[in-house]
Structures are given as C-alpha cells and as structure tokens.
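What follows draws every value from the coordinates through simple rules; no lab data is involved. This one's a predicted model, so the numbers in the text were calculated from it and none came from an experiment.
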Amino acid sequence: MSTTPEASPAKPAKPSAASRYLFVFLIGLVIGAVAVVMILRTVEAGKTWQDRYPIAAMDLFQAHMARLKASTEANRCSATDTLPHLQALRTISNDLEPAFGDLGEDTRFTKHASDLRAVLDSTLSAPPLNCAGVGAAMGKIGEACKACHQDFRS
C-alpha cells in the first residue's frame, strides 16, 4: 500500500516569515507616527503667548509686506490700497522690542528696530502714490529688515 507522490495530499506552503515581519513593521510605523504627533501637539500646547509672540509679530509683518507686493503686482497702488498695510507695519514695529524679550534690550537690536520705525515714519509722512513709489518703499523696509536679520537671525 504504498501511495504515489501524486496521490498524497499536498501540504500547504508555510507562510513566509517576511510577510509577518512586514506587517509588524507597518504596525510599528503607524503607532510611531501617532506617538510623534501626540508628543508634538503636547509640546505645542505647552507654549505660552510669550513663546508665540516673536513668531506672530514676524508673520504679521511678512503678511503685510506680501499684501503690498500683491498690490504692486496687481497695479493697485493708490494710497487707499497701501496705507493700511504701511500703518499696520508701523504698529507692529512698535512691538519688536517687547516681542523679543531679552534681545529687545540689546543696543544693536534696538537700533535696528529704531531704523525700521524711521523708514516707516518717513514712508508714512510722504506716502507713495504709485507702484514705483510703493516698490521703493518696500525696498527700504526690506533693507531695514535685512540688516537686523543679518545680525540676529540664525
């Protein structure tokens, strides 16, 4: 009673260990990603307004500069289009020293902030009435910003 190899039932192939390892690896990646997101959100939630103040001030400054640039690109450079943004930039520049805490007590930083305010004051005292004037004013403001960023931005 010997059975031929064709007649014997075929044994099912053993599942590969690689597929199990891949499954465990993918589960680990998902759990790791969720854990990283949770940790980052916890760290962000622990920040106070003092931590966000410098970034918020610079973001607002950048947003108003972007709006001025958009106005010049759209050829909308009348005083009613540009003055609100220039006034907002001047208002934000008053917050530079308080926003940057200890850095606000540095004489170089104070001078850069003062120079920026002087540029904005001169721009507001004789507001640009055309796109060329707005572009020139943005160039002066940008140079004042660049001078400070070269000294203090890492």
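Worth pointing out:
- Against the chain, whose longest principal axis is taken from its Cα atoms, helix 17-45 shows a tilt of about 30°.
- Principal-axis tilt of helix 107-125 within the chain, Cα atoms, nearest 10 degrees: 60 degrees
- Using every pair of distinct Cα positions in the chain, the Kirkwood expression returns a hydrodynamic radius of 20.3 angstrom.
- Whole-number percent relative contact order across the chain, with pairs defined as alpha carbons under 8 Å at least 6 apart: 22 percent
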